[in-house]
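Structure record follows, encoded as structure tokens.
The values are calculated or read from the model by the stated rules, or taken from the named source; none is laboratory data. Just so it is clear, the structure is predicted and the values come from calculations on it, not from any experiment. Cβ atoms come from the backbone with ideal geometry, glycine included; neighbour counts cover every protein chain shown. Surface areas here come from the heavy atoms of the whole protein model, side chains and all, with no ligands, DNA or RNA. Shrake-Rupley method; radii C 1.70, N 1.55, O 1.52, S 1.80 Å.
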Amino acid sequence: LEAVERDHETDAANMAMEIDDGLYLVKEGETGDVKGVTALENLPKIYEALQWESVKEDAQKVWKHIGMEENEGDRDEALIRFLRQWLQFYGPVSRDYIGDVLMVDPQILAFALDGLRMDSQVMIDRFREPPDDEVEEICESGNLEILLRMRRAEARPSMEPLEIEAFPLFLATYQGAA
């Protein structure tokens with residue numbers, strides 16, 4: 001919520017109260033610290049992918065409310081789908097950042113990221129200029145394309161157009177006659 005207040009210069013607490021019915025505060029284990037905020041309808045996806053016990057009961061309530069059965073499908077596929085969607089909201093991030101925020105086992109995360117990389121959904125490389133500390137980062141492909149376009153546009157030299165009166169001198173110089 002602090003980021004919303006900072007980025008949009010609004011009172012996030014009041015805004016959150018207005019849409020409270022559709023929000024869910026994701027809390028961390030026994031401490032009860034707020035880990036994040038999500039739309040209530042995303043809760044089953046989060047549970048399927050991340051298997052957070054702290055949201056299991058509420059995810060089951062959402063499944064029941066929308067008339068769906070709990071999905072006993074492949075957790076790896078659910079994690080891959082979730083990561084693909086989650087990474088669309090971030091620029092390049094480290095593997096450690098993803099693991100810390102989502103509390104995912106490093107081996108399971110490596111498998112999921114490898115699946116996304118094989119499908120060209122994410123790129124894994126060192127994106128910083130100059131490379132900070134040789135840490136590979138993960139970036140969703142669409143976001144990386146946007147960042148590269150922005151970088152190319154910034155690197156393009158800008159030229160100011162000259163008045164038409166300067167054209168004859170330019171042409172003469174270009175042709176070697178001046």
| request: Filter the GluC sites (Glu not before Pro) in segment 145-178 down to the DSSP loop ones having no more than 10 other Cβ atoms within 10 Å, then list what survives. | output: Glu163
| remark: Residue span Glu77 to Ser120: 0.36 nm per residue of separation minus Cα-Cα distance leaves a gain in nm of 13.9 nm
| field | Accessible heavy-atom area order of Phe170, Phe89, highest first, probe of 1.4 Å | value | Phe89, Phe170
